[in-house]
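The values are calculated or read from the model by the stated rules, or taken from the named source; none is laboratory data. Since we're looking at a predicted model, the values are computed, not measured. Here the Cβ positions follow ideal geometry from the backbone for every residue, glycine too, while neighbour counts run over all protein chains shown. Please note that ligands, DNA and RNA were not included when accessible areas were found on the heavy atoms of the full protein model with its side chains. Shrake-Rupley method; radii C 1.70, N 1.55, O 1.52, S 1.80 Å.
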Amino acid sequence: MSARVASGFQVDRVDLETGGAALRFVGELRFRDCFGTWQHVRDLLTPPAKHLAFDVSGIHGLDGGATALLLELKADADAAGRATEIVGATGRVKSMLELYGAHPKQPSHKEPPTRIGILDQIGRETLSFLNESNALDFIGDAGLSAAQALAAPRRINWRDVPRLMERAGADGIPIVLMINFLVGLVTAFQAAIQLKQFGANIFVADLVGLSVTRELAPLMTAIIIAGRSGAAFSAELGTMRVSEEIDALRTLGLDPFQFLVFPRIIALVLVTPLLTILADVIGIAGGLLVAMFGLDLTFHAYLAETEKALALWDVFSGILKSTVFGLNVALIACQRGLATHGGAEGVGRSTTSAVVTSLFAIVVVDAIFTVIFNAFGG
């Protein structure tokens, strides 16, 4: 039996009658203490033994550098053709050795994934969507909070409404004007191709005025609102949800609906009709540009025909549609945001779902309005 002692640790070699040997480590193995004397430990590998065991049961402290030295020592013995093993590892010593890969990885016994049929997959996705949406819970909570807010309006976070109106309304004016101007321009171009054949150039004003005020301006404005404000609202509330800020508000005694949801609903309901009025004007201006430079109509003739074709109900019906569109976008965006879970990936899913669902709802509501207006002759 031979021994080597260094600061803080000791290594003894015990030769066994079976022809094997064991290196017994005792104390605390720290890289700064054992690096300088590690060559003495390596000398204990000779004379060679058929089987060499590294007994670490006496180690009560082990850092990463010393672990690397110990595993290198074992690897050198393995390379020399000896059978080696590390025995007696427990607790943190065992965890450190496993972290550094002292033990071979166990083969995986996972069963191969089973194939899922198309109907099964559709059913799972449908159940997942229904479980994530929590639409009925949202409607119920919103109804209760709305009743409380009507009884005490001061509970609503009114200070956020102007800021949200500026973000959703004023900041969105450039894109709303540009899109609706191009829509009016394209509509006039398409109409001019057909009307020129019958010498009815003046009726471009009728077609552009009616289509823009009753249908195109509210629809395009709502789509822009859904892409800008709806996505932003959903992402904001979703981030607050996954970071537990919503729970913190409840802990402080604040209702998330009155503090976060209602200001956003009020802001969109107010700004969407205003943006629609601007969209009406700029859409008609786009048609005017085509009429003046493509159909040889005068400025006054176009405006006079537009005034003759439009009635107050045409403008009001578009504003009514846009108000409901704004309400839909706000409700869907807030609902998707508050139902977010799963970290950053969940926020992305909620934002995407909010935009897609809002666009679908806008088209459905627009179709319902069209059927109702036609039924009542509007």
**Message:** For segment 229-244, check the following and say yes or no: at least one residue is open to solvent by 10 Å² or more (accessible area, probe 1.4 Å) and over 23 Å from the mean Cα position of the chain (by Cα).
**Reply:** no
**Residues of segment 286-323 satisfying the condition of being crowded, with 21+ Cβ neighbours inside 10 Å and under 32 Å from the mean Cα position of the chain (by Cα)** = Lys321, Ser322
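Each row is one residue, and each column tells you yes or no for (1) under 20 Å from Ala333 (Cβ atoms); (2) open to solvent by 80 Å² or more (accessible area, probe 1.4 Å); (3) at pLDDT below 80; (4) not hydrophobic (A, V, I, L, M, F, W, C).
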residue: Pro113; (1), (2), (3), (4): no, yes, yes, yes
residue: Gly123; (1), (2), (3), (4): no, no, no, yes
residue: Leu150; (1), (2), (3), (4): no, yes, no, no
residue: Arg154; (1), (2), (3), (4): no, yes, no, yes
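Taking segment 295-316 on its own, how many of its residues are in contact with a helix residue (DSSP H, G or I) (Cβ under 6 Å, 6 or more places away or on another chain) and part of a helix (DSSP H, G or I)?
6
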**Asked** Does Leu260 qualify as being surrounded by fewer than 24 Cβ atoms within 10 Å (Cβ to Cβ), modelled with pLDDT of 90 or more and within 19 Å of Ser317 (Cα to Cα)?
**Response** no
**Item:** Filtered residues of segment 172-196 (kept if among the aliphatic types (A, V, I, L, M), in contact with a helix residue (DSSP H, G or I) (Cβ under 7 Å, 6 or more places away or on another chain) and under 13 Å from Gly294 (Cα atoms))
**Value:** Leu185, Ala188, Ala191, Ala192, Leu195
**Asked** Between residues in segment 263-275 that are under 14 Å from Ser317 (Cα atoms) and residues that are surrounded by fewer than 23 Cβ atoms within 10 Å (Cβ to Cβ) and small (Gly, Ala, Ser), which pairs lie under 7 Å by C-beta distance while being six or more apart or on different chains?
**Response** Leu274/Gly169
**Asked** Of Ala222, Ala191, Ala217, Ala200, which residue is buried (at least 23 other Cβ atoms within 10 Å of the Cβ) and at pLDDT below 90?
**Response** Ala191
**Request:** Please tell me if Arg163 is touching a residue at least 12 places away in the same chain (Cβ under 8 Å), open to solvent by 70 Å² or more (accessible area, probe 1.4 Å) and closer than 30 Å to Gln258 by Cα.
**Result:** no
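Among the residues of segment 328-348, write down those that are in a helix (DSSP H, G or I) and surrounded by fewer than 17 Cβ atoms within 10 Å (Cβ to Cβ).
Gly343, Ala344, Glu345, Gly348
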**Fill in**
Only unsatisfied item for Gly140, checking (1) modelled with pLDDT of 85 or more; (2) part of a helix (DSSP H, G or I); (3) open to solvent by 30 Å² or more (accessible area, probe 1.4 Å), is (1)
